[in-house]
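J.: Would you mind keeping the following structure in view while I ask a few things?
Taken together, the values in this text are just the output of simple stated rules run on the coordinates, not laboratory data. What you see is a predicted model; the values in this text were computed from it and never measured. Glycine also receives a Cβ, built like all others from the backbone with ideal geometry; neighbour counts cover every protein chain displayed.
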Amino acid sequence: MSVWLDDISRDRLRTGNLFIKIPATPEGVPAITQAISEGISANVTLIFSLRRYGEVIDSYLAGLEQAKGAGRDLSQIRSVASFFVSRIDTEVDSRLDKLGTPEAAALRGKAAIANARLAYELFEQRFSGERWQALRASGAQIQRPLWASTSTKDPALPDTMYVVELVVSDTVNTMPEATIKATADHGQLRGDTVHGTYDAARQVFTDLEDLGISYDDVVQATEDEGVAKFEASWNELLDTLKKNMGL
């Protein structure tokens, strides 16, 4: 972080309404701690796996502890953890389709919601212990789970499923416009749809493993794809800037 942020940039980023975006890659995780420790709010993006999400939470808590040690106002530091949803189903369902069995077909469209629900279980666990309570007493804000990529990519799936099946407190859902309109038009919201689902969510991944579909392999593939897409967009932006500046 210190390589590219000068003091003026840091001051501008220390505002409750501005979040710096940090990818949840092995290289990005340490940057979360540094940004938070300096009072810079962060949107941690590209989270696919529960293991990586645990690392993200730990990095956030470590950053808050360092910020507290430096005398910063913890109440002004915020963060969201952007858990990508639909891309999990895209990857898993393509593998299920290749199997072509009734057992495989029965699991289509279930992995992404199960993954997000288990992420929320982890969120509850990590933001309830003594470590968090000590920070909370000093004014710290929770790192809210954010459901990203919540439009359905498969027309066979309900267009509001990544909204209505992930309703729970302390979360954010960044719906694209079409999903917002679909939810307003025919989304059947029925209250909390996350609590009480954790055992069933774990069973989904047990059933997938029984079919030879590895959770670790799926989340690594989706992370690699997500990083590649972000990198392509970044390079495209740089090329556009260079062109417009005549470089």
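J.: For segment 133-167, give me each residue that is under 15 Å from the mean Cα position of the chain (by Cα) and on the phi > 0 side of the Ramachandran plot.
T.: Within segment 133-167, just Ser149 meets the criteria.
J.: Collect the residues in segment 33-60 that are part of a strand (DSSP E or B) and under 22 Å from Arg72 (Cβ atoms), keeping them in residue-number order.
T.: Across segment 33-60, the qualifying residues are Ala42, Asn43, Val44.
J.: I need the full set of residues from segment 62-76 which are hydrophobic (A, V, I, L, M, F, W, C) and either surrounded by fewer than 22 Cβ atoms within 10 Å (Cβ to Cβ) or touching an Asp or Glu at 6+ places or on another chain (Cβ under 8 Å) (or both), in order please.
T.: Answer for segment 62-76, where residues must be hydrophobic (A, V, I, L, M, F, W, C) and either surrounded by fewer than 22 Cβ atoms within 10 Å (Cβ to Cβ) or touching an Asp or Glu at 6+ places or on another chain (Cβ under 8 Å) (or both): Ala62, Ala67, Ala70, Leu74.
J.: Among residues belonging to segment 120-151 that are touching a helix residue (DSSP H, G or I) at 6+ places or on another chain (Cβ under 6 Å) and hydroxyl-bearing (Ser, Thr, Tyr), point out the one that is nearest to Arg51 (Cα to Cα).
T.: That would be Ser149.
J.: I'd like the residue in segment 183-202 that is touching a residue at least 40 places away in the same chain (Cβ under 8 Å) and assigned to a helix (DSSP H, G or I) and, out of all such residues, is nearest to Thr171 (Cα to Cα).
T.: The residue in question is Tyr198.
J.: Please enumerate the residues belonging to segment 20-43 that are in contact (Cβ under 8 Å) with a residue 60 or more places away in the chain and under 11 Å from Gly63 (Cβ atoms).
T.: Once the filter is applied, which keeps residues that are in contact (Cβ under 8 Å) with a residue 60 or more places away in the chain and under 11 Å from Gly63 (Cβ atoms), segment 20-43 yields nothing.
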